[in-house]
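These notes are about the structure you will find just below.
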């Protein structure tokens, strides 16, 4: 796999998604954002990340950002999720660091059932 090309594709797709959904007339939730690309670039020690950092400054999401920590009791790998738990934990640490460096408040999601997690998010955003 060409990790540098993958990073560029991830960045391009994230920018396209951002542009497609901005501005939004109501709250929108995204599973991944442009700073996730910077996280991945750091994880694989990509030497040149300035253009990704520039994209993080140019395309801004609303804050706070909700982050889901790796949860050992439910963590599993499959054909799409190939990281072992240790690598997932390292990715999470870098991800939180990147979002904070980019000026976002991060809020860790509690380890609860999906409905309760959703209620937590909506309460944090004062939507319920």
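Throughout, read-outs are computed from the coordinates displayed, never taken from laboratory work. Note that the structure is a prediction, hence the values are computed from the model and not measured. Cβ coordinates were reconstructed from backbone atoms using ideal geometry, including for glycine residues, and neighbour counts include every protein chain displayed.
With one equal scatterer per alpha carbon and no solvent term, the Debye-computed log10 I(q)/I(0) for the stretch 1-96 at 0.16 1/Å reads -0.77. Ratio of Rg to Rh for the stretch 48-128: 1.02 [Cα atoms; Kirkwood radius as inverse mean 1/r over pairs]. The stretch 1-56 has equivalent-ellipsoid semi-axes of 23, 10, 10 Å, by the square roots of 5 times the alpha carbon gyration tensor eigenvalues, sorted largest first.
Peptide packing for 63-71, 26-34 was compared via the average number of neighbouring C-beta atoms within 10 Å per residue; ordered from the highest value, the list is 63-71, 26-34.
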